Amino acid sequence: MALIGSEVLPFAAKAYHNGDFIDVTEENFKGKWSVVCFYPADFTFVCPTELEDLQNEYATLKDMGAEVYSVSTDTHFTHKAWHDNSETINKIEYVMIGDPNQRISRNFEVLNEEDGLAERGTFIIDPDGIIQTVEINAGGIGRDASQVVSKLKAAQYVRNNPGEVCPAKWKEGSETLKPSLDLVGKI
């Protein structure tokens, strides 16, 4: 993934958040950890299940110092209408960004140019605005927000512990690795 380690590209967008329309730019992704979750469209099928699951982990992610943003190529007006009319989406407390000009989706390389919709992409961005993790799923494959929590814990650990890395299935408090010449070929 060419996006890993790259800075979030500039954009300006309107979003729906807690009953208000707000402005969001790439600057919102700096100064704290950010989770950005792209999805194809409002008023669909898999999308609300994913967004509800993300809401269920929202308090945990906030406690970890992260803000959550969902993004689709719908407008902020559509996000409000969906929020007002769906019992599932009405629970959402995080920012819902509209990307009708598709700039953000293109910047994150998740835009399906053929249908004009975003793919299911999840990005974890560090406080410097640098992309640390990328996950992109096909349209019919929903994501598990608990995995976002695990990945954020690992990303934060690596950032706070230079010289250490997290092996597969790493859980907070478990052993990490310290890459060195002595470790080569011994795992």
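With K and R counted +1 and D and E -1, the other residues having a Cβ less than 10 Å from that of Arg159 yield a net charge of -2. Here the Kirkwood formula, the inverse mean of 1/r across different C-alpha pairs, assigns the chain a hydrodynamic radius of 17.1 Å. Per-residue ellipticity at 222 nm, computed for the chain from helices alone with -39500 (n - 2.57) per DSSP H run of at least four residues, works out to -7500 deg cm²/dmol.
If R0 equals 25 Å, the separation of the Cβ atoms of Thr88 and Asn112 corresponds to a calculated FRET efficiency of about 0.55. Computed packing ranks the peptides 84-90, 162-168, 150-156 as 150-156, 84-90, 162-168, most packed first, by mean other Cβ atoms within 10 Å. Only lysine pairs 8 or more places apart, or on different chains, with alpha-carbon atoms under 18 angstrom apart are counted in region 6-183, and they number 17.
Please return the longest range in the chain lying between exposed loop sites, taking chymotrypsin sites (Phe, Trp or Tyr not before Pro), DSSP loop only, at most 16 other beta-carbon atoms within 10 Å, and leaving the sites out. Looking at the chain, 46-187 is the longest stretch - no exposed chymotrypsin sites (Phe, Trp or Tyr not before Pro) with at most 16 other Cβ atoms within 10 Å.
To the nearest 20 debye, what charge dipole does region 9-132 have about its Cα centre, counting +1 at the Cβ of each Lys and Arg and -1 at the Cβ of each Asp and Glu?
220
Bear in mind these aren't lab numbers, they're just calculated from the coordinates by the rules spelled out. None of the values given here were measured: they were computed from a predicted structure. In this analysis, Cβ positions are derived from the backbone assuming ideal geometry, glycine residues included, and neighbour counts consider all displayed protein chains.
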